[in-house]
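Worksheet: the structure to be examined is printed underneath.
Taken together, the values in this text are just the output of simple stated rules run on the coordinates, not laboratory data. Here the structure is a predicted model, which means the values were calculated and not measured. Virtual Cβ from ideal backbone geometry, glycine too; neighbours counted across all protein chains shown.
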Amino acid sequence: MKIFVGITGASGSIYGGRLLRALVAAGHETTVCFSAGAVEVIRQEEYGAGLELLGAGSEKVLEAFFSRHDISPQAVEVALPDNIGHVYSSGTALLDGAAVCPCSMSTAASIAAGITGDLIHRVAGVALKEARPLVVVPREAPLSEIHLQNLLRIRQAGGHVLPAAPAFYHNPQSIEDLVDFIAGKVLDLLGADHQLFKRWEGI
């Protein structure tokens, strides 16, 4: 499968990293695009408030991100957010699905309004117009009425809204188990097989 993953400036870049690793491990042709906000979140969340990467450029931050999540940079295509001419900007490119994980409320607002500010917005819009799987993973709390309206508009347009709210019925033992649950649910909606969590088998 050909999958596009957008990682934006919402808290929870760990979700995007786990999703990427699962896609690469399963052999999917994966393209990832990091927004400028995502780079700053990665710097702050995953590297001790940025102390390890203080003053480092975005290339160094993303290199560290791939290393932390055990992803070979050669295994994915990294698309620049300002590359609106990317192949997946067109509906004629046969992309199998797209995920924005995590999805900031600003990105959700742009997708809901059909505004193309960067490549992530454009690919999401193309997925909706072509009726292809789009999964957005908002990580925000609490949600305002504006947030809810934007997420509803995305759902009404055909996108899937999957809040980063992991379940506990599978008896998670670590943060990684909780992250795996969300990444697995994204993969389910994209139609990609995985074994990231044990499925409910009834009582």
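Name the residue from 11, 75, 163 whose Cα lies farthest towards the positive end of the charge dipole of the chain, charges +1 on Cβ of Lys and Arg and -1 on Cβ of Asp and Glu. In the chain, that residue is 163.
Starting from the Cα-Cα distance between residue 130 and residue 106, subtract it from 0.36 nm times their residue separation and give me the gain in nm to one decimal. Each step should come with its number before you reach the end.
Working: separation 24, 0.36 × 24 = 8.64 nm, distance 2.27 nm.
Extra length from residue 130 to residue 106 when fully extended: 6.4 nm.
About its Cα centre, the chain has a charge dipole of approximately 440 debye under the convention of +1 per Lys or Arg Cβ and -1 per Asp or Glu Cβ, with nothing else charged.
Scan the chain and report its longest stretch carrying no GluC sites (Glu not before Pro) that are both in a DSSP loop and have at most 13 other Cβ atoms within 10 Å. Walk me through the numbers on the way to the answer.
On the way: sites that count: 52, 201.
Longest gap between qualifying sites, sites excluded: 53-200.
Say R0 is 22 Å: what FRET efficiency, to the nearest 0.05, do residue 198 and residue 1 get from their beta-carbon distance?
Values: r = 23 Å, r/R0 = 1.06.
Rounded to the nearest 0.05, the efficiency is 0.40.
Projecting the Cα positions of 114, 124, 85 onto the charge dipole of the range 71-135 (unit charges on Cβ atoms of Lys, Arg, Asp and Glu, taken about the Cα centre) puts 114 furthest along the positive direction.
For a straight C-alpha distance cut-off of 27 angstrom, the lysines reachable from residue 129 (same-chain residues fewer than eight places away being disregarded) are 2, 185.
Put in line by how crowded their Cβ is, counting other Cβ atoms within 10 Å and starting with the fewest, 116, 8, 107 read 116, 107, 8.
Annotation for the range 17-47: trypsin sites (Lys or Arg not before Pro) lying in DSSP loop with at most 12 further Cβ atoms inside 10 Å of their Cβ do not exist. If the segment from residue 60 to residue 173 were pulled out straight at 0.36 nm per residue, it would be longer than the present Cα-Cα gap by 37.5 nm. For the pair the range 81-134 / the range 1-15, the C-alpha centres are spaced 12 Å from each other.
For the range 54-178, the gyration tensor built on C-alpha atoms gives an oblate shape. Its axis ratio a/c (a ≥ b ≥ c) is at least 1.5, and a/b is not larger than b/c.
Within the chain, what's the longest stretch lacking chymotrypsin sites (Phe, Trp or Tyr not before Pro) that sit in DSSP loops with no more than 14 other Cβ atoms inside 10 Å? Counting only loop sites that pass the neighbour cut-off, the longest clear stretch is 1-167.
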